[in-house]
Amino acid sequence: MNQPKIIVHGGAWAIPDDLREGVLQGVRHAANAGFQILKQGKASLDAVEIAVRILEDNPVFDAGRGSCLNAKGQVEMDAVIMNGRTLAAGAVAGIDCVKNPVSLARMVMEKTKHVLLIGEGAKLFAEEMNVEMVGQDYLVTKYAREELENYRKYEKTVGNLFNNKLSGCDTVGAVAIDCHGNIACATSTGGITAKRVGRVGDAPIVGAGAYCDNLGGGVSATGHGESIIRVSLAHQTVGLMKSGETADDACKMALSDMAERVHGAGGLIAISKNGDIGYHFTTERMAWAYASDDLVTSGLDPGDSEVFSMSKL
């Protein structure tokens, strides 16, 4: 039997100080909830779905409630989930009315013959599955509106938001290994402030925003989506673990390669098939937390590492 573990992230960008406690509490809560699922002997897929749902429900993160607004002031959400044992995956993109996109992505994986549904087709599928639907009054926050107004005022480009580390909003994700050694991953996002309508980033792209394979490990990525897509960041990281690299070294090597090849910044969380945990980021900050042995360890800045007893969270 394997020791179950889960790691989550709440995005890699220049997270401002006024959000610090909110994002740290949020990722700790998500990691704790996912670990409780694993402690019950349930599957890693269940753990990552629960963890990401919690992050989607928390308006401090850019996923679900709290999603960033596109150039027209609209919400367009993306999500993916993957099973490392079977390589089954499901994803949705460009949806604006579902409370928890990650759960709809899992339904795509388990209830259809497809991997990715987008826009109107994803909405029709959600209605067929009777998932919880919500309106813009639930999804859109005051902070998201202010970010869009600031963007318009200063005319920052999408590239500036990430590669110059000035501002922005970003993805959430989770990776888990259960007691049977099965690995799962999930990623969800509300996109980038003021993005072009219809733009899809890395989050729902298998091999970019997330990837897992029991033969190597599992990964969730965050950061500049176009850069992540160009280097297939998550798949590359799993490949490095397959070749024998630790989860931590694989994250560092893959992000270094992305910076060198396409000048992109971002972050990664990972768990290898051996159960070792890795995380690394090349942005100013990344919110992360992992849970094992009834402890939650979390951080935000480089070098951060605070340990908490789950009974005190």
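All of the numbers you see were taken from the coordinates with simple rules; none came from a lab. Here the structure is a predicted model, which is why all the values come from computation and not from measurement. Note that each Cβ is placed from the backbone with ideal geometry, even for glycine, and that neighbours are counted across all protein chains shown.
Which of the lysines could be linked to residue 252 by a straight reach, that is with a Cα gap under 16 Å, when you skip same-chain ones fewer than 8 residues away?
Output for residue 252: 242.
Among 61, 308, which comes first, then next, by fewest other beta-carbon atoms within 10 Å? Numbers along the way, then the final one.
Working: 61 31, 308 16.
Exposure proxy ranking, most exposed first: 308, 61.
Listing 290, 279, 211, 143 from the residue with the fewest other Cβ atoms within 10 Å to the one with the most, what is the order?
By the 10 Å Cβ count, ascending: 143, 279, 290, 211.
Take the alpha carbon gyration tensor of the range 232-313, find the square roots of its eigenvalues, order them as a ≥ b ≥ c, and report rounded if a/c is under 1.5; if not, report prolate when a/b exceeds b/c, else oblate.
Details: a/c = 3.26, a/b = 1.50, b/c = 2.17.
Cα axes put the range 232-313 in the oblate bin.
Report ³J(HN,Hα) in whole Hz for each residue of the range 290-296, in order, from the Karplus equation J = 6.51 cos²θ - 1.76 cosθ + 1.60 where θ = phi - 60°; Gly and Pro get x.
Along the range 290-296, the couplings run 10, 10, 6, 6, 6, 10, 10 Hz.
Once fully extended, how much extra length lies between residue 110 and residue 243, figured as 0.36 nm per residue of separation less the alpha-carbon to alpha-carbon distance? Could you put the intermediate results ahead of the total?
On the way: separation 133, 0.36 × 133 = 47.88 nm, distance 3.00 nm.
Separation in residues times 0.36 nm, less the Cα-Cα distance, equals 44.9 nm.
List 277, 192 from most exposed to least, where exposure is judged by having the fewest other Cβ atoms within 10 Å.
On the way: 277 23, 192 26.
Fewest-to-most ranking of 277, 192: 277, 192.
Could you sort 69-79, 131-141, 7-17, 45-55 so that the peptide with the highest average Cβ count within 10 Å comes first and the rest follow in order? Mind showing how you got there, number by number?
Working: 69-79: 22.1, 131-141: 14.5, 7-17: 25.0, 45-55: 27.3.
The most tightly packed comes first, giving 45-55, 7-17, 69-79, 131-141.
So for the chain, taking the charge dipole from beta-carbon charges (+1 Lys/Arg, -1 Asp/Glu), which of 11, 174, 129 sits furthest toward the positive end?
The one lying farthest along the dipole's positive direction is 129.
Largest first, please: the extent of the C-alpha atoms of the chain along each principal axis, to the nearest Å.
53, 44, 41 Å, listed from the longest principal axis down.
Once each part is reduced to its C-alpha centroid, what is the distance from the range 1-49 to the range 228-278 in angstrom?
With the range 1-49 and the range 228-278 each reduced to a Cα centre, they are spaced 19 Å.
Skipping prolines and chain starts, which residues have an amide H placed within reach, meaning under 5 Å, of the one on residue 280, given they are 5 or more residues away or on another chain?
Here 268 satisfy the definition.
How big is the dipole moment of the chain about its Cα centre under a simple scheme where the beta carbon of each Lys and Arg is +1, that of each Asp and Glu is -1, and everything else is neutral? Debye, nearest 20, please. Don't skip to the end; give the middle numbers.
Working: 30 positive and 38 negative charges, 86 e Å.
For this selection, approximately 420 debye.
Give a residue-ordered list of calculated ³J(HN,Hα) values for the range 252-265 (Karplus: 6.51 cos²θ - 1.76 cosθ + 1.60, θ = phi - 60°; whole Hz; x for Gly, Pro).
These are the phi-based 3J(HN,Hα) values: 5, 5, 5, 5, 5, 5, 5, 5, 6, 7, 10, 6, x, 10 Hz.
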